[in-house]
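Peer 1: For reference, the structure I am asking about is given below.
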Amino acid sequence: MEKRPLGRSGLQTAPIVLGGNVFGWTADEATSFSILDRFVDLGFNVIDTANVYSMWVPGHDGGESEKIIGKWLKKGGKRDKVLIATKVGMGSPEAAQDKGLKRSQVAEGIEASLKRLQTDHVDLYQTHKDDEATPVEETLEALGKLVKSGKVRAIGASQYTPQRLRESLEASKRMNLPRYETLQPEFNLYDRAQFERDYQPIAVEYGLSVIPFFGLAKGFLSGKYRKAADIEGRPRAAGLKKYFEGDRGTKILAALDAVARRVEATPAQVSLAWMLAQPSIAAPIVSVTSTAQLDDIAGAAKVRLSKEDLAHLDGASR
């Protein structure tokens, strides 16, 4: 399968990254193992998680996703076939209120994640949310120590302002420290304006590889939710409501349906193929709760959209 570079790190990703936020939440351990096995068997290689997944679930402390992935790694012996990406900075299971990227928090965060993941290194360690009370130099120095020690192979950023992201990249250059090689923002065919305006120019300028979250807009772009009534009682219902405000969402789904018919693919595959055709995008992150959903999404790696197809989708979504 075609691989795409993760910045200048030397690491490469297949065109789809598996989101681990559902592991231990809407996918139990057995289902998660099946999804992970199938993901690797299909030729994909990057698994994204975080130390706080899934602390939003009543009774959870966070770390559930990492623990499931760790059990899978230990059981299946597939550590050398995957790249593990996790995050720090949005709290920890031991102290959910302690959110930040101070030197001590980064050092403690990696040790806790490595223990849960049952591995000796993380391939991509990402700052989950910026800590504006901590100088970017302090965070980068702490991350640099992890890279030097071999506990982390490359670093990435997620929820930063454009200004702080650029400041971090310039600080790495000035201080000769490891730099963020990847960026993980929200971006998809519906949620595109802020990324394209504020972040894509930075990614292109510095050669960052973008691995966006909510690649299918919480499932909306798969076409399985066609009207507001379809989301009632769903775990993500609150986050899906905005897609049914006005007629923009309906227009996007209609365009996806039309292009899907032309290229003999599904709306989800077309939506992801559109993303893969955009500048700086390495691989969208997609979460699934069954191997059937994964098999559908995997087909996006083979879909090729014409200029006319891309223009049709752009026209409906702008």
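The values are calculated or read from the model by the stated rules, or taken from the named source; none is laboratory data. Fair warning: this is a prediction, and the values are worked out from it, not measured in the lab. Cβ: placed from backbone, ideal geometry, glycine included. Neighbour counts: every protein chain shown. The area values use the complete protein model at the heavy-atom level, side chains included, leaving out ligands, DNA and RNA. Shrake-Rupley method; radii C 1.70, N 1.55, O 1.52, S 1.80 Å.
Peer 1: How far apart, in nm, are the 7 Å Cα→Cβ label points at Arg166 and Gln12?
Peer 2: It is 3.3 nm.
Peer 1: Does the stretch 213-287 classify as rounded, prolate or oblate by the C-alpha gyration tensor (a ≥ b ≥ c root eigenvalues; a/c under 1.5 gives rounded; else a/b over b/c gives prolate, otherwise oblate)?
Peer 2: The shape class here is oblate.
Peer 1: Counting Lys and Arg as +1 and Asp and Glu as -1, each charge on the Cβ, what is the dipole of the chain about the Cα centre in debye, to the nearest 20?
Peer 2: In debye, rounded to 20, the chain gives about 400.
Peer 1: What does the accessible area of Tyr53 come to, in Å² to the nearest 10, when a probe of 1.4 Å is used?
Peer 2: Tyr53 exposes around 30 Å² with every protein chain in place.
Peer 1: Moving on to the next point. How many percent of the accessible area of the stretch 165-243 is carbon or sulfur, using a 1.4 Å probe?
Peer 2: 51
Peer 1: Right, here's the next one. Compute the separation of the alpha-carbon centres of the stretch 113-132 and the stretch 233-273 and state it in Å as a whole number.
Peer 2: Using only Cα atoms, the two centres lie 32 Å from each other.
Peer 1: Tell me, what is the FRET efficiency for Lys3 and Ala193 to the nearest 0.05, using R0 = 30 angstrom and their Cβ-Cβ distance as r?
Peer 2: Efficiency for this residue pair is about 0.55.
Peer 1: What number comes out for accessible area per residue over the chain if the probe is 1.4 Å? Units Å², please.
Peer 2: 43
Peer 1: Relative contact order of the stretch 215-318: what whole-number percent is it, with Cα pairs under 8 angstrom and at least 6 residues apart?
Peer 2: Relative contact order comes out at 32 percent.
Peer 1: Where both partners of a DSSP beta bridge lie in the chain, what percent of those bridges are antiparallel, to the nearest 5?
Peer 2: If I count the DSSP bridges inside the chain, around 5 percent turn out antiparallel.
Peer 1: Further question: Please check: in the Gaussian network model of the chain (C-alpha springs, under 10 Å), which one of Ala50, Ala277, Ala133 has the largest mean-square fluctuation.
Peer 2: Ala133
Peer 1: In nm, to one decimal, how far is the modelled label at Arg261 from the one at Asn176, with both set 7 Å along Cα→Cβ?
Peer 2: For the pair Arg261/Asn176, the computed spacing is 6.2 nm.
Peer 1: Could you order Val147, Val88, Val204 so the one with the most accessible surface comes first? Probe is 1.4 Å.
Peer 2: If we order Val147, Val88, Val204 from most to least accessible, we get Val204, Val147, Val88.
Peer 1: So for the chain, taking the charge dipole from beta-carbon charges (+1 Lys/Arg, -1 Asp/Glu), which of Gly215, Gly91, Ser104 sits furthest toward the positive end?
Peer 2: The one lying farthest along the dipole's positive direction is Gly215.
Peer 1: Separate question: If I ignore ligands, DNA and RNA and count only protein heavy atoms, how much of Glu308 is accessible to a 1.4 Å probe, in Å² to the nearest 10?
Peer 2: Surface accessible to solvent at Glu308 totals approximately 130 Å².
Peer 1: Highest GNM mean-square fluctuation, the chain, Cα pairs closer than 10 Å: which of Ala298, Ala238, Ala254?
Peer 2: With Cα springs under 10 Å in the chain, the top fluctuation among Ala298, Ala238, Ala254 is at Ala238.
Peer 1: At 1.4 Å probe size, put Arg234, Arg248 in order of accessible surface, largest to smallest.
Peer 2: Highest to lowest solvent-accessible surface, that is Arg234, Arg248.
Peer 1: Using the Cα centre as the reference, give the magnitude of the dipole from point charges on the C-beta atoms of the stretch 226-318 (Lys, Arg: +1; Asp, Glu: -1; all else neutral), rounded to the nearest 20 debye.
Peer 2: Rounded to the nearest 20 debye, it is 180 debye.
Peer 1: May I pose another question? Measuring from a point 7 Å past the Cα of Glu232 along Cα-to-C-beta, which residues in the stretch 241-257 have an amide N at less than 11 Å?
Peer 2: Counting only backbone N, you get no residues.
Peer 1: Can you give the helix-only mean residue ellipticity at 222 nm for the chain, where every DSSP H stretch with n ≥ 4 adds -39500 (n - 2.57) and the sum goes over all residues, rounded to the nearest 500 deg cm²/dmol?
Peer 2: My calculation for the chain gives -12000 deg cm²/dmol from helical runs alone.
Peer 1: Under a 10 Å cutoff between Cα atoms, tell me which one of Val152, Val57, Val303 has the largest fluctuation in the Gaussian network model of the chain.
Peer 2: Result: Val57 has the largest fluctuation of those listed.
Peer 1: Would you work out if the stretch 27-84 is rounded, prolate or oblate? Take a ≥ b ≥ c from the square roots of the eigenvalues of the alpha-carbon gyration tensor; rounded if a/c is under 1.5, else prolate when a/b is larger than b/c, oblate otherwise.
Peer 2: Taking the square roots of the gyration eigenvalues as a ≥ b ≥ c, the stretch 27-84 is prolate.
Peer 1: In terms of solvent-accessible area of protein heavy atoms at a 1.4 angstrom probe, what is the ranking of Arg4, Arg103, highest value first?
Peer 2: Arg103, Arg4
Peer 1: At 7 Å along the Cα-to-beta-carbon direction for both Glu205 and Asp314, put a label point, then send me their distance in nm to one decimal.
Peer 2: Between Glu205 and Asp314, the label points sit 2.2 nm apart.
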